[in-house]
Each structure stands twice: as structure tokens, then as C-alpha cells.
1. Work from the charge dipole of segment A:251-331 (Cβ charges, +1 for Lys and Arg, -1 for Asp and Glu, about the Cα centre) and give the residue of A:297, A:264, A:321 farthest towards its positive end.
2. With the Cα gyration tensor of segment B:1-130 in hand, give its eigenvalues times 5 under a square root as the equivalent ellipsoid semi-axes, listed largest first in whole angstrom.
3. Can you give the angle from 0 to 90° between the axis of helix B:131-218 and the longest principal axis of chain B, with both taken from C-alpha atoms, to the nearest 10?
4. Please list log₁₀ I(q)/I(0) at q = 0.11, 0.28, 0.29 Å⁻¹ for segment B:196-265, using the Debye equation with identical point scatterers on the alpha-carbon positions.
5. Considering the dipole of the protein assembly as shown built from charges on the beta carbon (Lys and Arg +1, Asp and Glu -1) around the Cα centre, which of A:88, A:214, A:242 is farthest to its positive end?
6. Between the alpha-carbon centers of segment B:195-270 and segment A:93-118, tell me the distance in whole angstrom.
7. When Cβ neighbours within 10 Å are restricted to other protein chains, what is their mean count per residue of peptide B:152-161?
8. Across the Cα atoms of segment A:258-331, what radius of gyration and what greatest pairwise Cα-Cα distance (Dmax) are found, in Å?
Amino acid sequence: MRFPLARAGWLFIVLFGLALTGATVMNLVLIGQTRKALDEGILGNKPPGAVLKYHVALIIPDSPDSFFDGLREGLLKAAGTEAVAIQVFKYHANVPDEAETYFQLCLTSRIDGVILYAGPDQMARRGDQASKEDVVFVPVGTLTPPRAGLGFVGSSSLLQGVEAGNQVVRRLGRSARVGLLLTSEGEEVPVEDPVYEGVVIALRSAPGAHIVQVSRARPGILSGEEAASALLKADPSINVLVCASAPITEGAAQVVVDQGRVGQVLIVGTDESPTIDRLVDKGVIAASIVRDSKKMGAEALKAFVGARNGVPFRRPVEVGFNVRTRQEVAP
Amino acid sequence: MKLGTVRGKIVANSALILVLMAAASLYSGFASLELSRSVEVLFQNNLAMEQLQDSLDQTEASFSEYLRTKSSDSLKDFIKVSTRLTDQSRNLNPDVYADEILLLQRDLSRAFDTYLKVAEGGVQAKRGRDIPGYAERFETAGRHARSVRILITDLKSRFLSQSLGAFSLYQRFIPGVLWSNAALVLAATLLGFSLLLRYSRRLTDPLARLAEAALAVGRGDYQTSIPSLDSRDEIGTLAGTFSGMQQSVRRSFLDLHTRAEVEKTLLEERMQVLELNHRLKDAELLALQTQINPHFLFNTLSAGIELAGAEDAHRTSAFLENLAVFIRYALTPPDRFVAIADEIECVNRYIWLLTLRFRERFAFDVGIDERILALEVPALILQPLVENAVGHGLADREAGGTVTVRGRWEGDEAILTVRDNGVGMSDDEIAAVQSDTDLASPIHGIGLRNVIRRIQLSTNGLGRVELESSVTGGLEVRIRLPLSSVGEPS
């Protein structure tokens, strides 16, 4: 019995020695992982990558509109090739002062460039202020700033409205009874909204066709649903809804589906999203006027880099749009 | 203290176990400390933001105070807190990276820089009594301070969110760390216990084996093997010494045993000498008796012969005379050699005496080759055979019993035979008589064995006695005497 017991003693020593080593290694690994988690998450010791050349802020509304996703995506893609870091500030669409706050913040921080999506008002003043602080200012949007000589990258809402009107005339001709759903960003009365103006211009080619109801909707699909529902209720003769943003388009389509009026009420929407593409494919949405927001982002960065390299940015850049219909969406 | 000693080993092993346990405890403590430090780290960025905000508030307050009072104290305060703010802001990232938080830090760093420049400009304007200048800078500084606060708030919010995210990740590892810590301590304890058992066994095993051997030796088992220990400590020395002592004791016992054997042998020899002396005394006594009694016997017999002659009892006189001659012959020393003729004469006288006693009951026939009558043979080898034939072989025969005595020369041997027609002897009895050399054996007649023994002794084993019992009964005793032992026939 002596020999097996002696061997069992060694076996226990080896076994518990391995257990001790294993537990210690495991403990070290786990502590290392907690440290790593803290290092990367708290201390900022995570390798940030290469130092880039320029620091540009993008100030956009905090909106679910896919237009802004496209704008950001286009900007980031272009920034990747130009050694530019993009910092995004989002303001509440219903609180325009927030955009101003972020703009001032960027000036205080003497950022290399600011790309701002906002209405045409105060664009000139902001341009001057930025110029004074040696900050490149690139306004983007759908409404061209009123002052000549101020650079601007955008897709004109007027042209968007014209194309939407053309799509209505092509499908309904003179019988078109248009309900128009605008965004709440515009401060002007609806008849002065460029989208409204564009639709009116297009409808002139089909006498009899006209806009019967106009409404503004806050950002968001539910707001779009609410506005569309109110519009259809106010005038049951409406047989086409023209929507000025992607969320409004999705909300209006939902209302038409819910009311069982697919085919009776056409929808001409704006921009693109997976939902809009699906609804176009099903025939709920007749067409969508897609502003090329990615190109808008790319052009904005191009304008910034040009300005930094001594090329003055003083002219508007129209990025255009395309029409998304069932034929294009269908696989 | 030497490590090779038992004490050294105990101290070394205990130290090893203590070091192991201490290391496990220290490590466990270190791990706990690391965890507690990690909790501090979790919120250190938010604390840093708080400090920056405090410094900004103090800078703003001192800046406003100075613009309002233009006091040197407020100026000192402004310089002091603005310097601290500058130092603190240097910890913020100044470079451009594609990272939201690092970019915000850069914003904040540069915003602090802008604010401080404007504030310092305001102070200079105040000192230069440039009222519109410091008023404008005060307003601008306020705007920048608001931007800074927005950035600080944004960063704090992001840091807090980051801390919560990191905390949840950190928290995910904590149970593992605690369990592995517990496993570590448990494993260290068990390892220490195993080492303790192993080393205590290593130390006490030789002692136990030595104790077993000592007990065995104590019981008297001096052949038990003492464990051979390689250790050079006291136990090894003890085992070696004990082994030497065992061998020494074993040698002593062997010597004692040998001495006892020798003494026993001597004692036995002494006993034999005593026995021989005793027998010698008996023999001397017997010899004296045999020297005394014949004189008395022969005197008496002579008196009887004379008395029978005086009374004319000639037959009795002859009987006593033959008896006296026979007895005289029989009492002569048995180791002498006599002629066969003397032996035949002795046999004839014995037969005469038997015939007087038994008359016609037995018939005797004596026939001897004359050539051998002069050969010398041990005395009294024929008469005992005749006596044996009458006393044993023919004892139960009332009549018709015969005893034949013959002597002849055959080859190089003289052969004497005594044959009777009595009951004879079985083969087993013959074998027993021939092999039994103990003269005191009561199984058969003393005379027959006496004759066999004396024939062997007197002829140095050359002569021999043969017994042959016939199928029809009777026994023939044949004495073969080689010429080399009895001489040449005449």
C-alpha cells in the first residue's frame, strides 16, 4: 500500500498545482479583460487610429428621415478618402436654435469646417461669422440661400416638387386631386413652399388637376400618418398624396393601406428607405422622388477640401434626384 | 541550521507552504485591489469633467469679479484658476481622430483655449480702461462659456454612457474574477495540504519503518531487515546505527549459540564418559562376582562329588563332575579362542547333562570332520546354539525331538551347523535376529544373538551366521568361518 499512497500524494500535488496555476492564469486573464474593458471604454486607451488632417462638423436635424442618413453616409465615405474626421451634431428639428448653438460651439472650438443642414435664413450671417473665425462653412439642404455668392450644396425642393407633379399628371392627368403633405421645417406659408410651387408648376400641364389640400407634418412616421389621415378625411375626393419626406411617405402609405384605398389614392413620395422600396414594389406607392443625399454629402466635403486648399466656395451645387418606381425596385 | 537535518527539512517544507499560502493571499488581495481600483477608474472621466466645470465656473466668477471690482485679489484668483483650467485642459485630446469622444475632447480643449484668450483679452481691456472692449469680450466669453458647458455636458453624458457600458462589461467579468479568486485560494490551500501530507509522510515513513524494525527486534526477531535509508539526516544516521547494532547483536547471539552447542557436546561427552565409567564399575563388580562365585561353586561341587563318592552314588558323582567341568568351561572369559574340539567336548558334556535330565525325550547327533577339530574359534559358540534348540525349538515336543551338530570343511570355510526339528522361526523372526545387534533385546534368545555378535567381532566381520528354517519345521543355524580368521585345518 505504501507505493500507491506515495504516488497518490504526488498526484494530488500535481493536480492542485495545476489547479492553482489554472486559477491564477484565469484570474489574470479576467482581470486583464476587465482592465482592457475599462481602458478601451473609459480611459480612451483604445488605439484611435491615425491622426487626420481636418476636423469637420456636420450639423443636421435629429430626424428618422433617410435623407440625413444618406447625407451622413456620403459625407463619411468621402471623408475617408480625404483624411477628414467628421463630428456629427444633431439638433431637434423643431428647435432651430439648437442648430445655431452647435454652430456657435463649432466656432468657439475653431473647427476646420462646418457642414450645416438648415433653412436658408441666417445662412449668410453664419457664412460671415465662420469666415471671420477661419472656419469653412458649407450649407447643405433643399432651399437655396437667398444671397448670391454664398456656396450651397443641395437638391432643390422646387425641382423635387415639379417632378412629383409630373408623376401625378402622368398617372392621373386632369383628374388629379392632390393632397400635399409638407415637412414642418419650412417656416413659410404652404403656398410659398418650393415643393408646393413645383407641384403647381407641373399640374399646369393638365388643366383640371389641382391641389385640394395642403398640410405640414412633424418629423416621424406617426406624424405623417396623422397628417395624411386628416387630409383624406378633410377631402375624400383626394386621389393622390404627394409627400415631401420619407417618414411622411411611409405614414401616408400606412393610412392608405389601413383604409383599404390602395389603388384609389396614389402616393408620390420622397426619398428612399427599405420600407418605401417595399411599398413601391407592392404598388402602394406609385413613385418616390429620391434626392441624392449621398452625393450631397460627398459634394459638401469636396467643397470643404477645395476651400481649405484655396478654392473659394461661392456657387450652389445641385445634386439632382431620381425617380424610384415599381419597375426599378422590382428585383 | 543545515537543510539536510530533520529540523531543516521541517522548516524548509513549512516555509514552502507558508510562502505558497502567502503568495495566494497576496495575489488574491492584489486582485481585489485591482477590482476596487477599476471602480474608481469607471468614473474618473466624469470626475475630470466635473473638475473642469468647477474650474470654468471659478474662472468665470473671478473674471466677472475682476471686471466688476478690478481688485488685485480677484485678478490673482483669475490667474490662479485660469492657470489651473489651462493645465487641466491639457489632459484633453488635441488631435484629430475619427472618434466622436476624442473629437469632442478636441472641441473642448480648443473651446477652453478660445474662452481663456477672450477672458484674458477682457482683463487686459479692463486694465486698459477700454470699457467697450472688455464689455464685448465679457459677452463673447459668456457665449464661449456656454459652448464649453454644452461640450462638457455632452462629454459627461457620453462618459457616463460609456461608463455604464464599460461597467456592464466589467460586471460581466466580476463573478469570474471572484470565482477564480476563490478557486485560487482553494487550490493553494489544497496544494499546501498535499505538500504537508507528502512531506510529513516523507519524514515520518522512515521513522515508522524503523519503529517496526525496532519492535521486531524487540520481539527477538533479529533476522528482520532494517530499512536502508538514503537520507543523510538524523533518521538516516539512526537507521544506520540501529542496523549496525542489530548486526552486532546477531553476531553475539551466534557466538553464544555456538558456545552453547560446544558446551552441550562436551556435556554429552561427559555423560557418555560417566556412563562408561558406570558400566566399567558394573563390569568390575561383575568380574569380582564371577571371580568369587566360581570358587564357592567349585568347592561346593567338589564337596558334592566327594559326598556322592562316599555314599557310592556314582551317577550323582559323575553328574556333579560333568557339571563342574561344564561350568568351569562356561565361566572362562568369553573373548578367548578355543579349539573346535574343546567346543565339541563342551557340547557333549552339555548333551550328557541334558540326557540325564530329559532321558529319551530328545536325540542328539554330533558329527565333526576331524580336519577342523584343531581350528580355533570363539569359545562357547556351539553350546548356546544347542541350548537354544532345546529351550526354544523343541520346547513344546514331548518326544521325537532331535538336535544334530555337524562340522565340515567346505572350500575355504569351516562350517558348523546346529539343526533341530522343532518349531523353527519365521522369516521375520530370522531377519529380526540377524539385524538386531542389541544384546539386551528380549525378542529372541540371548544365546543366539550373542553367538552372532561374537562371531562378527572375532572374525572382523568375515565370519557369519546363517539361519534357515525349513518348510517342514525346524531350524538350522550355520556358522561360516573363513580360514583367514580361524587358521588352517590340520
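1. A:297
2. Details: eigenvalues 679, 73, 26 Å².
With the √(5λ) rule applied to segment B:1-130, the semi-axes are 58, 19, 12 Å.
3. Helix B:131-218 sits at roughly 10 degrees to that axis.
4. Results for segment B:196-265 at q = 0.11, 0.28, 0.29 Å⁻¹ read -0.36, -1.20, -1.24.
5. A:214
6. A separation of 102 Å, based on Cα centres.
7. Values: counts 0, 0, 3, 0, 0, 0, 0, 3, 0, 1.
Counting Cβ atoms of other protein chains within 10 Å of each residue's Cβ and averaging gives 1.
8. 17.6, 58
Bear in mind these aren't lab numbers, they're just calculated from the coordinates by the rules spelled out. Quantities reported herein were computed from a predicted structural model and do not represent experimental measurements. Backbone-built Cβ (ideal geometry, glycine too); neighbour counts: all protein chains shown.
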